[in-house]
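Below is the structure I would like to discuss, written out as structure tokens.
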Amino acid sequence: MTLSPRFRFQLFGSMQVFKDGQEVTGFRSQKTRWILAALALQNGSEVTYEWLAEKFGADPELEISDEEHKNILTNLRQCVANLRGILGKDLFSGSSRRHLKLEMHLIHVDVFEFDAKLKAGGDRNLREAIELYTGELLEGCPDAWVEKPREERYLKYQDTLKLMAERATDTLDYVYAETCLRRLVATDRLRESWRVSLMLLLARQGDYHAAMDVYYQFRKLIRNPLTQPGREIVSVFHSIRQRASNQIPKTSTVRGNSGAIRHAPLALVELTGRETLIANIQDKLTFARLVTLKGPPGVGKTQLALCVAHLSLKEFPDGVVFLDLADVRTPERFQTELAIALGIRGTPLQ
């Protein structure tokens, strides 16, 4: 019978280490955690303390004295001693006192599972690989040695998202295609081509407001007056906006449950740790006609509002409308945008 590994290393996103299902704490320093990660990424290959000194010692372009080099090696041995103490001596081995490696048969590493699933291919494996990528490799680690493996997995993740978005679109699985494209946009929020793909997908489903919101979110990112959106994304936006205008019912009133009111677009990021705040906002909406979210720019007010909007759809059967006023500068433009959002056509709003 094959025994499950005792240790689980999560190296994507914020690094976490688990032993027998319990998260390991007590690391001597953040540097100690990075040393453990570097050893894990060697996948069982033996390294020397000199190798560790090159990765975690002084700047290689600077000359250091023998005494400084000795102090670096001493510090590294203290870090490894700390790792042996909290993880157990059985996890470490080496052909001599100068050598070190991890016993990888005791460890499950998410990065290697990610690599294996990509190599195996097939929709199921690729979907599971996407779920394993919870953030860049060793998020927050500033050391130069991690840059290459981090970039390699980042590009593989992007390529897999693009591939799965295309496959899902071809099979008319628009929900999963949208999920992949939104994640793709989140990896590089300034890449216009991916936003265009997402806008076209949403428009294909008739969700014109969500498609236009992708553009509005992009405009918020490039508020610099010297920076303008590219021709393609602007052209697609105007095309979708025209189609949205053509689809508005020829009536001056809003019909409940008719689909005339577009639902708010999905947030581009997941909101964690704000469950209490979301619940409080929902409670206020049950008795207040106006609830205002206040806070400095960039704290996530819009994403929080979108999350509450989607969670409140059942309480508002006539629908939930998202109206982005970031680029609205005149009363006439406001009237036009509001009319489109509410499905009103014909008589101007007063």
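Using amide H atoms built in the peptide plane, which far-off residues or other-chain residues are under 5 Å from Met15 H to H?
Amide H neighbours of Met15, under 5 Å, 5+ apart: Glu139.
Under 28 Å Cα-Cα from Lys162, which lysines qualify once same-chain neighbours fewer than 8 residues away are excluded?
Of all the lysines, those that pass the test against Lys162 - Cα under 28 Å, at least 8 places apart if same chain - are Lys117, Lys119, Lys148, Lys220.
Once ligands and nucleic acids are excluded and a 1.4 Å probe is used, how much of Cys79 is accessible, expressed in Å² to the nearest 10?
0 Å²
Now, a different point. Give the Rg (one decimal place) followed by the Dmax (whole number) of the stretch 135-190, computed from C-alpha coordinates and expressed in Å.
For the stretch 135-190, the Cα-based Rg and Dmax read 13.5, 43 Å.
Identify all lysines with a Cα-Cα distance to Lys89 below 27 Å; exclude those on the same chain that are fewer than 8 residues away in sequence.
Of all the lysines, those that pass the test against Lys89 - Cα under 27 Å, at least 8 places apart if same chain - are Lys19, Lys31, Lys55, Lys70, Lys101.
If the chain between His238 and Arg191 were fully stretched, how many nm would it gain, using 0.36 nm times the residue separation less the Cα-Cα distance? Can you show the working numbers first?
Numbers: separation 47, 0.36 × 47 = 16.92 nm, distance 1.87 nm.
My answer for the length gained is 15.1 nm.
Quick one: what are the phi-derived ³J(HN,Hα) couplings along the stretch 190-206, Karplus 6.51/-1.76/1.60 with θ = phi - 60°, whole Hz, x for glycine and proline?
9, 6, 5, 4, 6, 5, 4, 4, 5, 4, 5, 5, 5, 5, 4, 8, x
Rounded to the nearest 10 Å², what accessible area does Asp283 show when all protein chains are kept and the probe is 1.4 Å?
The accessible area of Asp283 comes to roughly 90 Å².
Still on this structure, please answer the following. Under the Kirkwood approximation for Rh and a Cα-based Rg, what ratio Rg/Rh is obtained for the stretch 85-157?
Rg/Rh: 1.06.
Can you tell me how the stretch 26-109 classifies by the Cα gyration tensor, rounded, prolate or oblate, using a/c under 1.5 as the rounded cut? Could the numbers behind the result be given before it?
Details: a/c = 1.89, a/b = 1.69, b/c = 1.12.
Prolate.
Expressed in nm to one decimal, what extension gain is obtained for the pair Glu67 and Leu311 from 0.36 nm per residue of sequence separation less their Cα-Cα distance? Could the numbers behind the result be given before it?
Details: separation 244, 0.36 × 244 = 87.84 nm, distance 6.18 nm.
Contour length minus Cα-Cα distance gives 81.7 nm.
The values are calculated or read from the model by the stated rules, or taken from the named source; none is laboratory data. Just so we're clear, the structure is a prediction, and the values are computed from it rather than from any experiment. Surface accessibility is based on the protein's heavy atoms, side chains included, excluding ligands, DNA and RNA. Shrake-Rupley method; radii C 1.70, N 1.55, O 1.52, S 1.80 Å.
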